[in-house]
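Okay, structure first, notes after.
What follows draws every value from the coordinates through simple rules; no lab data is involved. Here the structure is a predicted model, which is why all the values come from computation and not from measurement. No Cβ is skipped: glycine too gets one built from the backbone with ideal geometry, and neighbour counts run over all protein chains shown.
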Amino acid sequence: MEQRVVITGMGIWSCLGQTLDDVRQALYDGKSGIIFSQERKDMGYRSALCTYVPMPDLKKKISRTQRQFMPEEAMYAYAATEQALQNAGLDQDYIDNHEVGIIYGNDSVAEATMNALDRFREFKDTSACGSGAIFQSMNSTITMNLACLFRLRGINLTSAAACASSSLAIGNAYLLIKNGLSDCIITGGAQENNAYVVASFDGIQAFSTREDEPSKACRPFDKNRDGLVPGGGAATVILESYEHAVKRGAPILAEIVGWGFSGNGDHISTPNVAGPARSLELALKNGGVNPTEVGYVNAHATSTHAGDGREAMAIKQIFGDYAVPVTSTKSQTGHEMWAAGAAECVYSMLMMKGGFIAGNLNFEEPDEETACVNVIPETTEKHFDMFLSNSFGFGGTNSTLIVKNIE
């Protein structure tokens with residue numbers, strides 16, 4: 001018997017803020033988290049645009065011995081997860097007596113790996129890497145660290161699928177709970193935000209070079225977009241079966257009603273229309289959702305010419321004449337990459353609960369491909385009870401989530 005899957009808690013560690021209230025306000029106010037980094041420019045970056053995400057102070061929460069196993073992104077994830085657990089009313093006593101799992105999105109650990117190998121090369125001694133290096137440098141570092149720190153005894157799995165990683169993590173957690181294989185799963189994604197993780201992206205000229213106006217650099221769907229802006233941070237959502245949530249008296253915030261996924265089966269970095277369209281189509285079909293029921297689309301749109309144009313055409317193909325409101329919160333946050341799907345789920349939840357749609361910053365004029373979708377340029381007061389969130393990644397991996405409000 002299939003289970004209903006609900007969201008009972010959220011947590012965020014973002015360039016827009018480190019609490020749900022601060023992030024909600026930043027979204028409403030149209031705040032940009034994008035900055036110019038002189039450090040990156042001095043290092044040799046073609047584009048020194050990025051976001052600022054503060055490191056959480058975990059010294060009073062986690063011992064030094066345990067912290068040595070945690071790279072930057074695991075610390076973001078811990079902070080976001082601690083918030084989400086509190087938001088869901090899940091304390092350690094409850095976790096200790098129930099099988100709570102974790103599925104988290106992450107697809108790189110660049111700085112920690114680089115630092116360990118640099119020490120090895122410098123001293124020509126493997127012991128110079130340090131005892132925590134192996135645990136810091138594995139893609140599964142977040143799930144292994146959080147599972148130990150929160151003493152989780154359910155599924156322990158990392159989702160690595162480029163920029164769809166955390167959306168696919170949520171989707172897989174949804175599927176396990178829906179099919180009765182788990183009652184409660186911590187899920188989300190994290191992205192390191194240091195100067196090393198995206199150097200190769202800069203090397204292939206993927207970033208905007210609008211350095212003189214950082215807040216205007218990320219321009220999803222706009223005719224004059226010239227590349228993405230890298231970001232980072234973490235977002236966590238708590239998923240439970242409806243029955244489990246009701247039984248423990250949990251605050252039920254929303255229900256995941258559909259998930260779609262697809263592969264482009266095409267170029268490794270250049271997207272097409274058919275793959276994303278199939279992801280949207282399956283999410284609607286699997287959820288039994290009519291397109292006109294969707295009140296808002298949080299687009300993947302990263303501010304690249306090919307990606308934004310193809311996604312716009314995919315949305316138009318699926319929604320037809322229905323002019324569903326569309327924005328990309330990346331206009332404010334840059335591209336949070338492995339964390340993007342989870343973060344954008346939280347942003348969309350905050351908007352749905354707050355009765356507004358945050359404007360798509362810097363959208364001044366569409367081009368021939370993006371003119372087919374209803375992009376909302378400024379914050380708009382609007383009630384909606386269902387949103388669709390897209391996440392697409394290198395390798396042609398696509399994931400689409402549909403979430404319904406529960407008052």
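Some values worked out for this structure:
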| quantity | calculated |
| --- | --- |
| DSSP-defined beta bridges in the stretch 5-247 - what % are antiparallel, rounded to 5 | 60 percent |
| Residue-wise HN-Hα coupling along the stretch 248-257, computed from phi with Karplus coefficients 6.51, -1.76, 1.60 (Hz; x: Gly, Pro) | 9, x, 6, x, 8, 8, 6, 10, 7, 10 |
| Dipole magnitude (debye, nearest 20) for the chain, charges at Cβ of Lys, Arg, Asp, Glu | 740 debye |
| Ascending count of other beta-carbon atoms within 10 Å, so fewest first, for CYS129, CYS345, CYS372 | CYS372, CYS129, CYS345 |
| Per-peptide average of other Cβ atoms within 10 Å, ordering 113-125, 70-82 highest first | 70-82, 113-125 |
| Candidates ALA342, ALA235, ALA133: whichever shows maximal mean-square fluctuation once the chain is modelled as a Gaussian network with Cα springs under 10 Å | ALA133 |
| Relative packing of 54-62, 278-286, which averages over residues the other C-beta atoms within 10 Å, highest first | 278-286, 54-62 |
| Shape category assigned to the chain from the gyration tensor of Cα positions, a/c cut at 1.5 | oblate |
| For the stretch 118-229, size of Cβ-based charge dipole, Lys and Arg +1, Asp and Glu -1, in debye | 380 debye |
| Between the stretch 314-335 and the stretch 3-74, the alpha-carbon center distance in angstrom | 24 Å |
| Charge dipole magnitude, Cβ of K and R +1, D and E -1 - the stretch 171-302, Cα centre, debye nearest 20 | 240 debye |
| Under Karplus coefficients 6.51, -1.76 and 1.60, residue-wise ³J(HN,Hα) of the stretch 32-45 in Hz, glycine/proline x | 9, x, 8, 9, 9, 10, 5, 4, 5, 4, 5, 6, x, 5 |
| Burial ordering of MET144, MET351, MET43, fewest other beta-carbon atoms within 10 Å first | MET43, MET144, MET351 |
| Among THR19, THR327, THR187: highest mean-square fluctuation, GNM of the chain, C-alpha pairs under 10 Å | THR19 |
| Where chymotrypsin sites (Phe, Trp or Tyr not before Pro) fall in DSSP loop in the stretch 1-57, at most 13 other Cβ within 10 Å | TYR52 |
| Cα gyration tensor shape for the stretch 253-407, rounded if a/c is under 1.5, else prolate or oblate | rounded |
| For the stretch 122-253: rounded, prolate or oblate by the Cα gyration tensor [a/c cutoff 1.5] | oblate |
| Of all DSSP beta bridges in the stretch 258-405, antiparallel share, percent nearest 5 | 70 percent |
| Neighbourhood charge, 11 Å Cβ-Cβ cut-off, centred on THR379 and excluding it, Lys, Arg +1 and Asp, Glu -1 | -1 |
| Residue-count net charge about GLU111 - beta-carbon cut-off 10 Å; Lys, Arg +1, Asp, Glu -1 | -3 |
| Selection from VAL257, ALA164, GLY180, by position along the positive dipole direction of the chain (Cβ) | GLY180 |
| Antiparallel bridges, percent of DSSP beta bridges restricted to the chain (to nearest 5) | 70 percent |
| Surrounding net charge for ALA84, when Lys and Arg each add one and Asp and Glu each subtract one, Cβ distance under 13 Å | -3 |
| Order by protection proxy (mean Cβ within 10 Å, highest first), peptides 387-393, 165-171 | 165-171, 387-393 |
